[in-house]
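The values are calculated or read from the model by the stated rules, or taken from the named source; none is laboratory data. Predicted model only: the values in this text are computed from it and were never measured. We place every Cβ from the backbone using ideal geometry, glycine too, and count neighbours over all the protein chains shown.
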Amino acid sequence: MDLSGSVCLVTGASSGIGAQTARLLAAEGATVAGLARRTAPMEALGLHSVHAADLSDPADALRAAGEVLERHGRVDVLVNNAGVRIDGPVSGVSLEDLDQSFQVNALSPFMLAGLLVPAMAERGSGVVANVVAPKVSGGRRGMGAYAASKAALESLTQTLRQEAGGKGVAVFAFDPGWVRTYLAPDGPEDPAAAAERLVGHLRAGKGAREILS
Ligand SMILES: NC(=O)c1ccc[n+]([C@@H]2O[C@H](COP(=O)([O-])OP(=O)(O)OC[C@H]3O[C@@H](n4cnc5c(N)ncnc54)[C@H](OP(=O)(O)O)[C@@H]3O)[C@@H](O)[C@H]2O)c1
């Protein structure tokens with residue numbers, strides 16, 4: 001995908017990997033719309049548009065995506081990056097925490113793809129990247145809500161690839177590794193390095209079956 005001139009929607013562009021990805025995409029000449037709850041950090045990045053939305057409410061995600069379409073006319077690249085990690089043993093996770101985990105990590109990405117991918121397929125061009133956590137999604141002690149919701153995101157990726165992959169839409173899952181962010185403060189890697197790899201995959205625009213890292 002020629003990123004220059006493309007319209008990219010990056011969720012979770014207010015910090016960490018998403019902020020760096022949005023910054024790099026803008027530097028490539030893409031029109032970048034950022035979506036998160038906090039707008040000030042996205043404004044500081046100089047993105048083309050910033051959209052306040054709470055992804056723990058998929059209806060709000062769809063409303064904000066509608067704003068993006070109204071503003072830019074289309075979305076060529078969807079980066080489902082926003083994520084929330086709520087730790088605790090299965091016995092200690094409240095229904096509210098579980099609900100938030102699934103809404104942010106799986107249901108809003110699902111609904112955003114459902115809204116945006118059909119037009120990509122019609123144009124015969126587009127890329128969807130879902131930011132996953134395969135080291136955890138198979139199940140991890142003390143991280144049940146995060147793990148299960150990220151497993152759902154991997155499943156969505158496979159389904160989307162089957163539905164849209166043959167229509168010129170590249171769909172892939174991206175494993176950033178272990179990256180130093182609010183979500184993983186002990187991570188050894190700089191978020192800019194992970195974002196560079198992600199943007200490289202977006203540029204290549206290939207929907208390989210494997211999770212890209
Ligand atoms: N860091 C790692 O080692 C690692 C490893 C594997 C996967 N990942 C994945 O990488 C992605 C990016 O995370 P990060 O490490 O860069 O962490 P981060 O700095 O905490 O970024 C998380 C982003 O998600 C947004 N977000 C969270 N809840 C939201 C909500 N309810 N509505 C809208 N936006 C919301 C946050 O924005 P607001 O707070 O402004 O809403 C923020 O921009 C996540 O999907 C994470 O699961 C990270």
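Observations on the structure shown:
- Options GLY166, GLY139; residue that is part of a loop (DSSP other than H, G, I, E, B) and over 14 Å from the mean Cα position of the chain (by Cα): GLY139
- Considering residues of region 1-35 that are near the ligand (Cβ under 10 Å from one of its atoms) and part of a strand (DSSP E or B) only, the residue surrounded by the fewest Cβ atoms within 10 Å (Cβ to Cβ): THR11
- Residues that are in a helix (DSSP H, G or I) and either out of contact with any Gly (no Cβ under 8 Å at 6 or more places or on another chain) or on the phi > 0 side of the Ramachandran plot (or both) occur in region 182-192; there is at least one.
- Meets criteria (more than 21 Å from VAL169 (Cβ to Cβ), in contact with an Asp or Glu (Cβ under 8 Å, 6 or more places away or on another chain) and not in a strand (DSSP E or B)) for SER56: yes
- Hits in region 104-138 - residues which are within 13 Å of the ligand (Cβ to nearest atom) and closer than 13 Å to ALA170 by Cα: ALA129, ASN130
- A count restricted to region 42-53 and to residues that are assigned to a helix (DSSP H, G or I) and crowded, with 17+ Cβ neighbours inside 10 Å stands at 1.
- Restricting VAL199, VAL128 to those that are under 14 Å from the mean Cα position of the chain (by Cα) and not in a helix (DSSP H, G or I) reduces the list to VAL128.
- Breaking point among (1) closer than 26 Å to VAL32 by Cα; (2) buried (at least 21 other Cβ atoms within 10 Å of the Cβ); (3) within 11 Å of the ligand (Cβ to nearest atom), for LEU78: (3)
- The number of residues in region 161-211 being touching a residue at least 24 places away in the same chain (Cβ under 8 Å), closer than 15 Å to GLY126 by Cα and not hydrophobic (A, V, I, L, M, F, W, C) comes to 10.
- Exactly one residue out of LEU55, LEU95, LEU24 is in contact with a strand residue (DSSP E or B) (Cβ under 8 Å, 6 or more places away or on another chain) and at pLDDT 95 or above, and it is LEU55.
- Annotation: LEU98 fulfils all but one of (1) under 14 Å from the mean Cα position of the chain (by Cα); (2) assigned to a helix (DSSP H, G or I); (3) under 24 Å from ASP175 (Cβ atoms); the unmet one is (1).
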